[in-house]
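Computed from the coordinates by the stated procedures, all read-outs in this text should not be read as laboratory data. From a predicted model like this one, the values you see are computed outputs, not experimental measurements. Here the Cβ positions follow ideal geometry from the backbone for every residue, glycine too, while neighbour counts run over all protein chains shown.
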Amino acid sequence: MVIIVNIWKIYIRRFPAIKRKLEIAHISTKPEEFIKRSAKAALTLSAVLALTAFFMISAFDANILYAILAFPALFLAFFFFMMHTPDVRIRRRQKEIEREVLFAGRYILVKLESGIPFFNALSDAAQAHGVAGKYFQEIVDDINLGTPIEDALENAIENSPSEKFRRILYQITNSLKTGIDVTDTLRGILQQIAEEQVIEIKEYGKKLNSMAMFYMLIGIVVPALGMTMFIIVSSFLSIAISFRYLLFAAFLLAFMQFIFISMFKAIRPTVEI
């Protein structure tokens with residue numbers, strides 16, 4: 001047991017960013033506990049798959065050494081996947097914020113221009129605005145617990161996964177500290193973010209055109225012509241094509257389509273102007 005605890009401590013010393021990632025991802029678990037749970041889950045999954053492989057290999061009278069060697073490889077793969085759970089949550093939170101950060105900022109700006117105090121505008125944004133509202137609600141809750149507004153904003157800046165959201169909060173914090181009108185600062189940073197999002201959309205259009213051409217060539221033309229030529233050549237050479245080969249080809253095509261769909265989603269900017 002002592003050895004296992006030391007392993008967790010060594011991992012945390014080697015990868016100190018895990019603590020920071022857990023805070024940004026809002027995973028309320030200590031790094032040691034998170035690593036232990038990830039290791040247990042990886043151990044369970046790798047053991048199940050290794051045992052399944054063992055029985056399958058035994059049924060075909062193959063060498064069971066492959067199943068034994070697969071266990072540590074599966075454990076490392078699953079453990080690596082589990083340890084990246086905070087990164088997945090951080091990216092999800094980032095997309096949620098950046099999808100509505102511009103609208104939420106404009107909502108606060110309209111409230112401020114109508115003469116409402118900043119804290120009241122922040123509270124209204126937390127209650128009235130979609131997905132981004134819960135991130136403003138975290139700031140409001142921090143303030144309601146007795147934290148000064150500037151400190152609450154700085155905490156939100158530190159724990160925000162979105163660079164655009166941090167920039168907005170940073171400019172607001174500087175304005176509150178220096179006594180500058182928040183509306184002018186907020187209006188300027190929102191205009192800058194809107195211009196950046198327009199540029200991102202134009203760049204996405206250029207990437208989409210090249211990706212569409214690549215998809216038409218690799219995902220449609222080549223498989224269609226390749227399969228047609230293969231069937232013609234096999235008919236001339238009297239090569240029997242079993243259903244198993246056709247099923248394997250269909251699986252490859254489906255996997256290729258999935259890869260292209262994932263690539264299209266990956267390059268899409270998370271903006272809504």
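Quick notes
- Helix 149-159 and the longest principal axis of the Cα set of the chain meet at an angle near 10°.
- The range 91-194: radius of gyration over Cα atoms, expressed as a fraction of 2.2 N^0.38 Å: 0.95
- Contour minus Cα-Cα distance for Asn120 and Ala250 (0.36 nm per residue): 41.0 nm
- Its Cα centre serving as origin, the chain has a Cβ charge dipole (Lys and Arg +1, Asp and Glu -1) of approximately 920 debye.
- Among Val88, Val182, Val233: highest mean-square fluctuation, GNM of the chain, C-alpha pairs under 10 Å: Val233
- Counting only lysines at least 8 places from Lys36 when in the same chain, those with an alpha carbon closer than 22 Å to its own are Lys9, Lys19, Lys21.
- The average projected area of the chain, computed from the convex hull of its Cα atoms over all directions, is 22.3 nm².
- Choice from Leu186, Leu176, Leu246 with maximal GNM fluctuation in the chain (Cα, 10 Å cutoff): Leu246
- Gaussian network model of the chain, springs between alpha carbon atoms under 10 Å - residue of Arg91, Arg244, Arg14 with greatest fluctuation: Arg244
- Lysines whose Cα lies under 16 Å from that of Lys207, excluding same-chain neighbours fewer than 8 positions away: Lys265
- In the chain, the longest principal axis of the Cα atoms and the axis of helix 65-83 are about 20 degrees apart.
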